[in-house]
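The values are calculated or read from the model by the stated rules, or taken from the named source; none is laboratory data. Worth saying up front: this structure is predicted, and the values here are computed from it rather than measured. No Cβ is skipped: glycine too gets one built from the backbone with ideal geometry, and neighbour counts run over all protein chains shown. Areas reflect the complete protein model, heavy atoms only, side chains present, ligands, DNA and RNA absent. Shrake-Rupley method; radii C 1.70, N 1.55, O 1.52, S 1.80 Å.
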Amino acid sequence: MSHYRRNYLAGGTFFFTVKLANSKSCLLVEQIDLLREAYAFVQQRYAFETVAVCVLPNHIHAVWALPDGDDDYSLRWRLLKTKFSDAFESLENISASKKRRREKGIWQRRFYEHTVCDDADLRRCVDYVYFNPVKHGLVNRVIDWPYSTFHRDVSLGLYPPDWAGDVADFDAGERKQ
C-alpha cells in the first residue's frame, strides 16, 4: 500500500487538483449547480478562502487559504466529494473496496496538493488555474471560460480581461498558411 505524505500546515495556502474517476466525463460542468451547492455547503461549515478555482469538465483546480490554526483540507475535499456524489446513484462497475467505503465511483480517491511557498509561487499557481481551460483547448481566451474565479479577479482589477491573450493569435513557430 502506498503511503502519501501530505503537508498539513495550519493557516497555509494550497494548490489542489481533484479529478473525476472517468477522465472522459463532463459531469462537473454538466452539473455545475450541484457542484456549487456542495462547495458552498463545505465552505459554510469549514471556512476557507477561495484564492482561485477553475472547474473543468473532469477536474477542478483550486487554491485555498485555510484559517489560522486549521490544516484540514482533506476533510473539506472529502465532504465536497461526498456532498456532490449524494445526488447520483453508485456506478455499477466499481471495485469492492469502493463499495466497502460507500464510494460511488465518481471521483478519484486521491487528489494532488502543493503547499504554496511564497508570493511568486502563489502567482504561478493562480495563473496555472486560470490558464487551464486554454491549455486543454476548451477556449481560446481565459475570459471565455465561465467556470472560474478569473471573472471575479478581473472585476477586482487583479487581472486584465485580455490576460494571456488569444490562443488563436499565439505563434508557436508553426508556419501560417
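Things worth noting here:
- Note on Arg6/Asp121: beta-carbon distance plugged into 1/(1 + (r/R0)^6) with R0 of 22 Å gives a FRET efficiency of 0.80.
- Extending 7 Å from the Cα toward the beta-carbon at both Gln44 and Leu138 defines two label points whose distance is 2.6 nm.
- Spin-label model distance (nm) - Leu79 vs Ala164, 7 Å beyond Cα toward Cβ: 3.0
- The range 1-86, relative contact order [Cα under 8 Å, separation at least 6], %: 42
- Nitroxide proxy distance, nm - points 7 Å out along Cα→Cβ at Asn22 and Asp71: 3.8
- Percent carbon-and-sulfur accessible area, the range 17-57, ignoring ligands, DNA and RNA, probe 1.4 Å: 49
- Computed E for Ala87/Arg110 - FRET, C-beta separation, R0 30 angstrom, nearest 0.05: 0.85
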